[in-house]
Each structure stands twice: as C-alpha cells, then as structure tokens.
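For reference, the structure is listed below as structure tokens.
The values are calculated or read from the model by the stated rules, or taken from the named source; none is laboratory data. Everything quoted here is computed from the prediction, not taken from an experiment. Here the Cβ positions follow ideal geometry from the backbone for every residue, glycine too, while neighbour counts run over all protein chains shown.
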C-alpha cells in the first residue's frame, strides 16, 4: 500500500485540528453560558440569540420575565425532588446523575482549556472518571489548567442545577429538558463502558420522554423535582465526603499537588461553592406563594 503524500497528511492534520478547535469553542461557550446563567444574566444570552436573524428565542414557554413556577407545580416538584434524594433506589439513581454531571464538568472544562476529551466512565457504585488528552509540551499554565479541571468536577452538578433553575424561570421547562437530553447524548458519545452508556442514554431518554405531549402538563413539576433532587443529593454527598478521610484519587488531592496547597483546604472550598450553588438553586425554585 503506497504511503500517503505529505499534502494528504497535512490535510488530515488540519482537519483534525479544526475539529478540536470547534470542540474547544463550543466548550468555552457552554462554560460562558453557565456562568452567565448562574450570575443571573441569562437575559443577555436571550438578547444575543434574538439579535441573530432566524435564531430568535421566541416567546417563553409559560415563564415570562422571571416568574417562578406555579405554586402547585413548584411545591410538588420540591417535595418529590427532596424525597428522591434520600429514598433508597431512587437516591441511587440520582447519585448516578450527579456523577454523570461531575464527570461531564471535568470534560467540558478540559475541552475549554484545550484538551481533547477521550472518554467518560460511570460505575455501578456512582463513582467515575473522565479522561482527556493534552497536546503540546507541559508548562506551568498546563499545571494550572489541570488544577482547574480537577476542581471543576465537584461543583459541576450544583452549577448545572443553578443554571437550570435560571433557565426554567427565563424560558420554561422545555429548554431545561432539552439541555439534559443533550448532556446525556454527549456522555453517551464519550462513554467507555456499557454502564456509562446505559446511564447516559437513560438520562437522554427520560428527558425526551418528559418533552412528550403526554407529560407536558407536568413538565414544570418534573424539572423542579429533577433540579431539586440533584441539588439536595449533591449537598448530602459533599457533607459525607467531608467526614471521610481523603482518598488518593480525590480531585482535591490533584488540585493540591498541582498548586501546592493543602488538599483539605481545596476540598472545603469545593464543598462551599457547591453548597452555595445548591442552596441558590432551591431558592430559585421556591414557588410563588399566593397573595
């Protein structure tokens, strides 16, 4: 078989580099959108989208101008979500979702900082890991980037719930459900085990099912329950984590090694950020009381 010409090799390399640049830009946009939503500046995103011909956001799906979920849907969602975070088999399912968002957080931040996502593994015990390839020579900036990637995992699920609560108030439940469907699809593409694929496909399928006409009357309650369960479960897991001795594979240890700071201090900061975001999520989801 004849060797490829130099021009063909260069062309393939250019295409590969272009593809990963698109991935990086997309990851940067995701991080920026999440940051704006968490900061309560989601209206800026809508203004930008509306300014692009043919991409107008259109009228919100029943949630206009920062109005919170209707009282019945909000209360039902909060109660069901809180129970789902603590009740047996359901809580184990929520733990899988928290882990999925944790590893997706690592992956998105790594891609935004120039890495090439290589895979996500979720396990039956709700542990997991994400891998990425870094191109180029290691430098001090690489060490800082790796620290950011390691730090991002633990607060990721709580950050998603806060962004989701803001989206719910801005555009309604359908946008939030589509976001979870996309997240499940991305993890399915990166899945490196059968169980990872099952969990990711399950999330995407459940989100799409909640978008059906049959589920439409309950969409707001479903989204509130989903976001509440993840926020509460994340907080409970983090408080348990603080009571356990740190393990070698903990993200806080990775951050501490690269930045030469105490790992326990890093963990405390991670938990503080995640807990604040989870609390902010529940506050945003509190239903409007009558009168």
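Name the single residue, out of those in the range 123-143 being surrounded by 14 or more Cβ atoms within 10 Å (Cβ to Cβ) and out of contact with any helix residue (DSSP H, G or I) (no Cβ under 8 Å at 6 or more places or on another chain), that is farthest from residue 199 (Cα to Cα). It comes out as 142.
Scanning for something at pLDDT 95 or above, surrounded by 21 or more Cβ atoms within 10 Å (Cβ to Cβ) and farther than 30 Å from residue 18 by Cα, does the range 110-122 turn up at least one residue? So far as the range 110-122 goes, no, none of its residues is at pLDDT 95 or above, surrounded by 21 or more Cβ atoms within 10 Å (Cβ to Cβ) and farther than 30 Å from residue 18 by Cα.
Quick check, is residue 169 in contact (Cβ under 8 Å) with a residue 24 or more places away in the chain and surrounded by fewer than 16 Cβ atoms within 10 Å (Cβ to Cβ)? Considered against the rule, which asks whether it is in contact (Cβ under 8 Å) with a residue 24 or more places away in the chain and surrounded by fewer than 16 Cβ atoms within 10 Å (Cβ to Cβ), residue 169 comes out as no.
Here residue 34 clears all of (1) at pLDDT below 95; (2) touching a helix residue (DSSP H, G or I) at 6+ places or on another chain (Cβ under 9 Å) except the condition numbered (1).
Annotation note: Cβ proximity below 7 Å between a residue of the range 18-40 that is at positive phi and a residue that is assigned to a helix (DSSP H, G or I) (sequence gap 6+ or interchain) occurs for 40/166. In the set (1) assigned to a helix (DSSP H, G or I); (2) in contact with a helix residue (DSSP H, G or I) (Cβ under 8 Å, 6 or more places away or on another chain); (3) in contact (Cβ under 8 Å) with a residue 60 or more places away in the chain; (4) under 30 Å from residue 76 (Cβ atoms), the condition left unmet by residue 287 is number (1). Restricting the range 37-66 to residues that are under 20 Å from residue 219 (Cβ atoms) and in a helix (DSSP H, G or I) leaves a set whose member that is modelled with the lowest pLDDT is 46.
Which fully enclosed helices (runs of 4 or more DSSP H) of the range 174-273 have 3 or more residues being free of Cβ contacts under 8 Å to residues at least 40 places away in the same chain and surrounded by fewer than 16 Cβ atoms within 10 Å (Cβ to Cβ)? Talk me through it step by step, then tell me what you get.
On the way: elements: 194-210, 219-243, 251-259.
Where helices (runs of 4 or more DSSP H) fall fully within the range 174-273 and carry at least 3 residues being free of Cβ contacts under 8 Å to residues at least 40 places away in the same chain and surrounded by fewer than 16 Cβ atoms within 10 Å (Cβ to Cβ), they are 194-210, 219-243.
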